[in-house]
1. Consider Arg189 carefully, then state whether it is under 25 Å from Pro61 (Cα atoms) and modelled with pLDDT under 95.
2. Out of Ser325, Ser321, I need the residue that is at pLDDT 90 or above and either surrounded by 16 or more Cβ atoms within 10 Å (Cβ to Cβ) or small (Gly, Ala, Ser) (or both). Which one?
3. Could you run through the range 224-281 and say how many residues are farther than 19 Å from Ala296 by Cα, in contact (Cβ under 8 Å) with a residue 12 or more places away in the chain and of a type in the set (Asp, Glu)?
4. Taking the range 283-338, which residues are of a type in the set (D, E, K, R) and free of Cβ contacts under 8 Å to residues at least 40 places away in the same chain?
5. What number of residues within the range 255-269 satisfy the criterion of being closer than 16 Å to Gly281 by Cβ and either within 16 Å of the chain's Cα centre (by Cα) or not in a helix (DSSP H, G or I) (or both)?
6. Among Arg125, Arg175, which is closer than 30 Å to Arg425 by Cα, modelled with pLDDT under 95, assigned by TED's automatic domain parsing to the domain that holds Pro61 and touching a helix residue (DSSP H, G or I) at 6+ places or on another chain (Cβ under 8 Å)?
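The values are calculated or read from the model by the stated rules, or taken from the named source; none is laboratory data. Everything numeric in this text was worked out from a predicted model, so none of it was measured. Using ideal geometry, Cβ is built from the backbone for each residue, glycine included, and neighbour counts are taken over all protein chains shown.
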Amino acid sequence: MDTARNIYKNDVDFAALGLQYPDFAKHLRQNNQLDFTNPDAVQQLTRCLLRRDFGLHVDLPDDRLCPPVPNRFNYILWLQDLLDSTGETYSDAYDREREVFGLDIGTGASCVYPLLGCALRPKWRFIATDIDAKNLKYARDNVKRNILQDRIQIVENTSSNGLIPFKDIDTLKPRLDFTMCNPPFYESREELISSAKAKQRPPFSACTGAEVEMITVGGEVEFVARMIRESIQLRDRVKWYTTMLGKFSSVATLINLLHEEGNRNWAVAEFVQGSKTRRWGIAWSWMDYRPTADAARPHGQSIPKNLLPFPPEFTFHCSPSNQISSIIKTINDTLTALDVYWRWNTSTSTGLGFAMGNAWSRHARRQKKKLAVEAGADTNTSQSGGRGKLDNGDFVPGKQDKEAELGFKVSVRGTMDGQSEVTVRWVKGFDAVVFESFCGFLKRKVEGR
């Protein structure tokens, strides 16, 4: 996740917020700190942050969960990174014209995720579900209060219904770009109480949540396991299935379940707010668009490497004696000689390629050379079908990427110490061995081996 976009990477300045909002200031102590055990103070903090930082106005009931804005904002930023780096144009950048449609499972009274998503991205739309009548009423009122009825639809669900109710979605769009969820942590009232008693100090923040929001049969593991089972049936009708988790132990259990079900494209996130709150996120897809390393693998050390997806980026450095222009020429000559689709953009020093298989193996290269000789063609001339072609035009999705076994981007940059840096980014495919093989092949060619 790009921390530069996180306006809450530092603690909130309560004194400054109090100067703007007198209703918040009256909850501050003499040292300008907030009493987080006071539910009214916590609610006022949420209202003021949403108003000041996003222009959102919400009403919150006293007996339902009050969402911490920085934590929810982190989740939205992660979703943005996942979607921006898995678009059909492979740009790895925010496309302002891209329409995105998501589902918030269990939106709560605040409807905070859809509100934040729509405030940050004008082309995002949501369906938001809940099973609690009071949550639904407040959520609808908050959507109306922010004049977002045309972008956020509140849908009542039931505990016996599917978590992803496509019967209510089909009329709007045949496929979702993502689902998101902040499931109940606990599997019983007894677990909730014992968890609170086990804490060595009082909870950091007052909890006003109702049992319907905090307790579910089997806890968060069973809740997300239901999502996984539904995703196996829905497959690519949803691009990314995502959820936040409150227990670190749940991360390993659910990722192992994904592995058992044959999933080969997942991402992990760690949401850290100051030193007091830590949550985790997992995402999975049955499609083969690969997110960037920042979106797929957290920078922290708390998650074991065996639970992380294969690194989607490979970087190597060239000596100062090897000029950038020479490196770029080697890369282009190498890839245009293969039976792959290849497009180089001079202005960004980045190329995009797709391969139907391991076209860089010795056998594949011998076969291509043999066919070229038999046809009386130059062995360095690219084959037909738009492959091996240098072209600065915009990429248009088509057969070359839809049927590819591997999609990759190659970028060349200069470094401050005079070296050149080559980065290979995995953008499409399921087979990490094929990606790793391609990276090794390209590195050897650039190094003249």
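1. Yes; evaluated as a whole, the condition is true for this residue.
2. Ser325
3. Of the residues in that region, 2 qualify.
4. Of everything in the range 283-338, those that are of a type in the set (D, E, K, R) and free of Cβ contacts under 8 Å to residues at least 40 places away in the same chain turn out to be Arg297, Lys305, Lys329.
5. The qualifying residues number 7.
6. The conditions single out Arg175.
The rows are residues; the columns are (1) out of contact with any Ser or Thr (no Cβ under 9 Å at 6 or more places or on another chain); (2) surrounded by fewer than 13 Cβ atoms within 10 Å (Cβ to Cβ); (3) at pLDDT below 55; (4) not polar (S, T, N, Q).
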residue: Ser384; (1), (2), (3), (4): yes, yes, yes, no
residue: Phe395; (1), (2), (3), (4): no, no, no, yes
residue: Gly398; (1), (2), (3), (4): yes, yes, no, yes
residue: Lys409; (1), (2), (3), (4): no, no, no, yes
residue: Met416; (1), (2), (3), (4): yes, yes, no, yes
residue: Gln419; (1), (2), (3), (4): no, no, no, no
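Results for (1) at pLDDT below 95; (2) hydrophobic (A, V, I, L, M, F, W, C); (3) crowded, with 16+ Cβ neighbours inside 10 Å, shown as yes or no for each residue.
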site: Phe271; (1), (2), (3): yes, yes, yes
site: Lys276; (1), (2), (3): yes, no, no
site: Asp288; (1), (2), (3): no, no, yes
site: Ile303; (1), (2), (3): yes, yes, yes
site: Phe310; (1), (2), (3): no, yes, no
